[in-house]
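A.B. asks: Sending over a structure as structure tokens; questions will come in a sec.
The values are calculated or read from the model by the stated rules, or taken from the named source; none is laboratory data. These numbers come from a predicted model, not from an experiment. Cβ atoms come from the backbone with ideal geometry, glycine included; neighbour counts cover every protein chain shown.
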Amino acid sequence: MDDFRVDAHVKVLDDRVVERARDRGLDALVYAPHFTRLPDVEARAERFATDDLLVVPGREVFTGDWRNRKHVLAIGLSEPVPDFITLEGAMAEFDRQGATVLAPHPEFATVSLEAHDLRAHGDRIHGIEVYNPKNWQSHNERARELAREFDIPTFGSSYAHLRGTVGEVWTAFETRYETNVALVEAFREGAPRGVYHRSGASHRLRCLAEFGHLFYENSWGKAERLFLSGTEPTHPEHIAYDGRFDEVSVY
């Protein structure tokens, strides 16, 4: 296989995920679990990386409040960034760190960047996701329209919250990469790539399973309990952030 295959956004990582990634012919994963601080993401990514599978740590930051979220995926971060800060505050921090910024599932439900966000921050965004198993076909088509409109490179991912979905979608680069740094730079610089996904009944079932998981993931009651205390690890008022995000916190 000459291309370099990346599942550009997964939420799960263990030995079974690594085995599945290998079985699916993947060369790299971007691991970005919810509500997990960057040092913990980095430690787990390093633990499960192998000689033939890069694991890039990332953060899908939840900007805005719970009812008006804008998810933004950042890779190549050097310092932790909390959830539930303003979109402007998050983008400014990503810019300060020189991170690579990706837009997952644009215009999907109430959890995504929309056209006006892409227009406002397009010069800071290095990729738009154009295929994701949780999306309906209309969402994927709209994402491609946005990528063309704003001239932003595309990527695809399994967005796997379930182990079995890993490798259902991949971004294939023309060049092979030996390190996380090189792969992050490839996303940032718009290196040539294509977006592919599996097909058939099995793929459709995987898509349905991931979509069904969405309802559990987005339970308001769960989120309310999680973030009102201010003690959770990615809450902007957590002691780990030393008050740096107080001015842009939404909770």
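A.B. asks: Starting from segment 147-163, take each residue that is in contact (Cβ under 8 Å) with a residue 40 or more places away in the chain and basic (Lys, Arg) and list its partners that are in a loop (DSSP other than H, G, I, E, B) and surrounded by fewer than 19 Cβ atoms within 10 Å (Cβ to Cβ), counting only C-beta distances under 9 angstrom and pairs at least six apart or across chains.
C.D. replies: Hits for this filter: Arg163/Val12; Arg163/Asp14.
A.B. asks: Being in contact with a Phe, Trp or Tyr (Cβ under 7 Å, 6 or more places away or on another chain), more than 22 Å from His213 (Cβ to Cβ) and in contact (Cβ under 8 Å) with a residue 24 or more places away in the chain: is that true of Ile85 here?
C.D. replies: Yes: the conditions hold for Ile85.
A.B. asks: Got a sec? Which of Val72, Val17 is modelled with pLDDT of 95 or more, farther than 22 Å from Arg124 by Cα and in contact with a Leu (Cβ under 8 Å, 6 or more places away or on another chain)?
C.D. replies: Checking each option against the conditions leaves just Val17.
A.B. asks: Could you grab me the full set of residues in segment 164-178 that are more than 16 Å from Leu208 (Cβ to Cβ) and buried (at least 17 other Cβ atoms within 10 Å of the Cβ)?
C.D. replies: Val166, Gly167, Trp170, Thr171, Ala172, Phe173, Tyr177
A.B. asks: Quick check: anything in segment 11-24 of a type in the set (Asp, Glu), out of contact with any Phe, Trp or Tyr (no Cβ under 8 Å at 6 or more places or on another chain) and closer than 20 Å to Ala240 by Cβ?
C.D. replies: There is no residue in segment 11-24 that is of a type in the set (Asp, Glu), out of contact with any Phe, Trp or Tyr (no Cβ under 8 Å at 6 or more places or on another chain) and closer than 20 Å to Ala240 by Cβ.
A.B. asks: Could you please give the count of residues in segment 81-102 that are over 25 Å from Ala191 (Cβ atoms), surrounded by fewer than 21 Cβ atoms within 10 Å (Cβ to Cβ) and not aliphatic (A, V, I, L, M)?
C.D. replies: Qualifying residue count, segment 81-102: 3.
A.B. asks: Then there is this: Hey, Cys207 hits all of (1) assigned to a helix (DSSP H, G or I); (2) closer than 13 Å to Val30 by Cα but one; which does it fall short on?
C.D. replies: Status for Cys207: all satisfied but (2).
A.B. asks: Filter segment 3-33 for residues that are free of Cβ contacts under 8 Å to residues at least 40 places away in the same chain and surrounded by fewer than 23 Cβ atoms within 10 Å (Cβ to Cβ) and give the result.
C.D. replies: The answer is Asp15, Val18, Glu19, Arg22, Pro33.
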